[in-house]
1. Quickly run through region 55-86 and pick out the residues that are surrounded by 10 or more Cβ atoms within 10 Å (Cβ to Cβ) and basic (Lys, Arg).
2. Of Ile21, Ile77, Ile62, which residue is β-branched (Val, Ile, Thr) and in contact with a Leu (Cβ under 7 Å, 6 or more places away or on another chain)?
3. Of the numbered conditions (1) within 14 Å of the ligand (Cβ to nearest atom); (2) over 17 Å from the mean Cα position of the chain (by Cα); (3) polar (S, T, N, Q), Gln65 satisfies every one except a single condition; which is it?
4. Pull out all pairs, ordered by first then second residue, where Cβ-Cβ is under 8 Å, the residues are six or more apart or on different chains, the first lies in region 1-25 and is within 25 Å of Glu56 (Cα to Cα) and small (Gly, Ala, Ser), and the second is open to solvent by less than 100 Å² (accessible area, probe 1.4 Å) and more than 9 Å from the ligand (Cβ to nearest atom).
5. Working only within region 1-55, note down all residues that are within 16 Å of the ligand (Cβ to nearest atom) and aromatic (Phe, Trp, Tyr).
6. Looking at Leu29, Leu52 in this structure, which one is open to solvent by less than 90 Å² (accessible area, probe 1.4 Å) and without any contact (Cβ under 8 Å) to a residue 12 or more places away in the chain?
7. Tally time: how many residues in region 1-33 are under 24 Å from Pro76 (Cβ atoms) and among the hydrophobic types (A, V, I, L, M, F, W, C)?
Amino acid sequence: MNTKCHFCGNKNFKQARVQYIYKHNNQFLIVNDVPCEQCEYCGEEYFEGKVLTQIEEEFYRIHAQGKKAKKELRVPIEQFPELQTA
Ligand SMILES: [Zn+2]
């Protein structure tokens, strides 16, 4: 799919499956085992357009149509200026 990494210029890629975090309007969808090509040097991930479209469609089914996701996660959120120093 790629001939050259846009970030580091490396030309070697490997097939990988990674976790993809889709974020839109402060709503999130995490998808595991997403296929991608990964730069062997810097680790940058490249996804096919149809893979990203499938993730966007699933995001829409869950957040707009009320589909129940396979798993849900509680995620802590903090404001950086309020972080306490140890
Ligand atoms: Zn790279």
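1. Arg61, Lys67
2. Details: Ile21 fails: in contact with a Leu (Cβ under 7 Å, 6 or more places away or on another chain); Ile77 fails: in contact with a Leu (Cβ under 7 Å, 6 or more places away or on another chain).
Answer to the selection: Ile62.
3. Evaluating Gln65 over (1) within 14 Å of the ligand (Cβ to nearest atom); (2) over 17 Å from the mean Cα position of the chain (by Cα); (3) polar (S, T, N, Q) leaves (1) as the failure.
4. Ala16/Pro35; Ala16/Cys36; Ala16/Glu37; Ala16/Glu45
5. So the first thing to find is which residues in region 1-55 are within 16 Å of the ligand (Cβ to nearest atom), and the list is 1-16, 18, 36-47.
If the condition is that a residue be within 16 Å of the ligand (Cβ to nearest atom) and aromatic (Phe, Trp, Tyr), then Phe7, Phe13, Tyr41, Tyr46, Phe47 are the ones that fit.
6. Details: Leu29 fails: without any contact (Cβ under 8 Å) to a residue 12 or more places away in the chain.
So the residue among Leu29, Leu52 that is open to solvent by less than 90 Å² (accessible area, probe 1.4 Å) and without any contact (Cβ under 8 Å) to a residue 12 or more places away in the chain is Leu52.
7. 6
The values are calculated or read from the model by the stated rules, or taken from the named source; none is laboratory data. It should be emphasised that the depicted structure is a prediction, and the values quoted were computed from it without experimental measurement. Positions of Cβ are backbone-derived with ideal geometry, glycine not excepted, and every protein chain shown enters the neighbour counts. Ligands, DNA and RNA are stripped out before the accessible areas are found, and what is left, the full protein with its side chains, is counted by its heavy atoms. Shrake-Rupley method; radii C 1.70, N 1.55, O 1.52, S 1.80 Å.
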